[in-house]
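Notes follow the structure.
Quick note: the coordinates plus some simple rules give every number you see, no bench work behind them. For clarity, every value in this text was computed on a predicted model and none was experimentally measured. Reconstructed Cβ throughout: ideal geometry from the backbone, glycine too, with neighbour counts over all protein chains shown.
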There are 2 protein chains.
Amino acid sequence: MSLVGVTARSSPASLGGRRPRHVTSGRDLTDDRGTPRDRRLAKVLEHATRIFWEKGYEGASMRDLSRATGMSLAGLYYYFASKEELLYLIQKHTFTTIMEQLRERLAGVEGPEERVRVFIRNHVAYFLANQEAMKVLTHEDETLKNVRGAQIRAIKRQYYRICLDLMEDLQRATGLQFSGRLAVLSLFGMINWIYTWHNPRVDGDAETLARQMGDIFLRGVLRGVKAKTAKAKS
Amino acid sequence: MSLVGVTARSSPASLGGRRPRHVTSGRDLTDDRGTPRDRRLAKVLEHATRIFWEKGYEGASMRDLSRATGMSLAGLYYYFASKEELLYLIQKHTFTTIMEQLRERLAGVEGPEERVRVFIRNHVAYFLANQEAMKVLTHEDETLKNVRGAQIRAIKRQYYRICLDLMEDLQRATGLQFSGRLAVLSLFGMINWIYTWHNPRVDGDAETLARQMGDIFLRGVLRGVKAKTAKAKS
DNA sequence: ATGTTATTCGAACGAACGTTCGGTAAATCA
DNA sequence: TGATTTACCGAACGTTCGTTCGAATAACAT
């Protein structure tokens, strides 16, 4: 009721109008918990994520989703109000989850550099574990308009803020001078670009990738990587 | 004839079929040179670039382009065969131009680090001077299919190769060990991400940005930036 | 068994999509 | 001058789009 914003036109129940449909509970939408309805919606969102990932939001059609889920076109709309809401739910869930995970991983970790490392590790790990959702999140950045767009942008600003704070802690601790804004945005660029090139066959796992990117970002290529052992490939 | 691939269905001229339309000459498409027709096409491409930039390729309609150019829907098709070809021409021209410019700027520059710096400067400068085209190039990366897609991907591979070579020269010169592939792709990520955040009001001009990003990439934030003078902002 | 609510559907709606057809003017060539 | 080519357009073509309607079934409570 609060989150979704029902689009139903009128229907005061007394006049025999149909009751408002597709009112999602405010629940979490992960696969396990929630009402059966929420669990079913979560499954639909998984399929939608994969389709948006493959064809882009505009390029994907509700008929694609119907085919993928095995449900009828009309049946889908029992679970959400519009295609746009689908994208909103996906982006919101993805963003919320990565931020929760970050807060957990940051808790208890001391030392500004290590905390930045944790941020990088978390972002890279989540990115690789949820490539489809993360591409939909970053690629369809400007797609949502109005209220839904504003909500997603608000979460994004929060996430940016967390990283900027980590960076400024690092500056205070080391006395170094650089533009925090530019550092954060460069870091985001490095990581968020992954979806355009990552190949699990040739590029390592999340841990390796995060360490390498952390090294590039924190030490710079000209200080090189402390030649630990196998950096392998090229 | 060679580039564009006419889609005309048959029409052997003798049977009264219409001659093949929209056969672009192989010319350069920049505004100044070429036949009047090519110049007119270039203008259309400029409008198309702005529209794809605003609404994305799938989200943009030929009617949007018709409105923007002031030409009729049918009239547009005198200059190109399809919407897809529009995107192809834009991407090809953009990619070709940035590579030409890079080769010019690299010529005569010695020293592996400076050559990497030139690469960064060129990419950032071109990016900011042609933000719309560069977004269309990077954002619509997977949009083109088949032959046209393969051609663009081939140019992209060339561009990547040039940068990788620069990076490997740097490695040979310094004896440092890092993954060249990862370094190049991280660098691309840093720079190509610019279009999602750049604000000319708060972020500096191309030269400043390129220097800062070069510093982050080459020296790493932990070695700081040689506090030259005004880094200002944050 | 009966009434109620939760799901799902076939069929269609109007709008928008990329593209094409037959044609008209204007420019160019002979 | 007349013939041909170039540049452009109104009107439509067939398709696909997101969404909705009324009804049918399934699940569940009483």
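Listed by Cβ neighbour count within 10 Å, with the fewest neighbours leading, A:I155, B:I194 appear as A:I155, B:I194. FRET efficiency for the pair A:Q158 and B:L176, taken as 1/(1 + (r/R0)^6) with r the Cβ-Cβ distance and R0 = 51 Å, rounds to 0.85.
The residues B:K156, A:K145, B:K135, when put in order of fewest to most other Cβ atoms within 10 Å, stand as A:K145, B:K156, B:K135.
Starting from the Cα gyration tensor of segment A:92-234, take the square roots of the eigenvalues, sort them a ≥ b ≥ c, and report rounded, prolate or oblate (rounded when a/c is under 1.5, otherwise prolate if a/b is larger than b/c, else oblate). Oblate.
Just so you know, the averaged projected area of the alpha carbon convex hull for segment A:65-114 sits at 5.2 nm².
Beyond 18 Å in Cα-Cα separation lie the following of the pairs B:K43/B:K92; A:K135/B:K135; A:K135/A:K156; A:K43/A:K83; A:K135/B:K156: A:K135/B:K156.
How much net charge surrounds B:R121 when only other residues with a Cβ under 9 Å from its Cβ are counted (Lys, Arg +1; Asp, Glu -1)?
+2
Within the shell of other residues whose beta carbon sits under 12 angstrom from the beta carbon of A:K83, the net charge comes to -3, with Lys and Arg scored +1 and Asp and Glu -1. Counting beta carbons within 10 Å around each of A:I191, A:I162 and listing the fewest first gives the order A:I162, A:I191. Counting only residues at least eight positions apart within a chain, or on another chain, the aspartates and glutamates with an alpha carbon under 15 Å from that of B:K145 are A:E54, B:E58, B:E84, B:E85.
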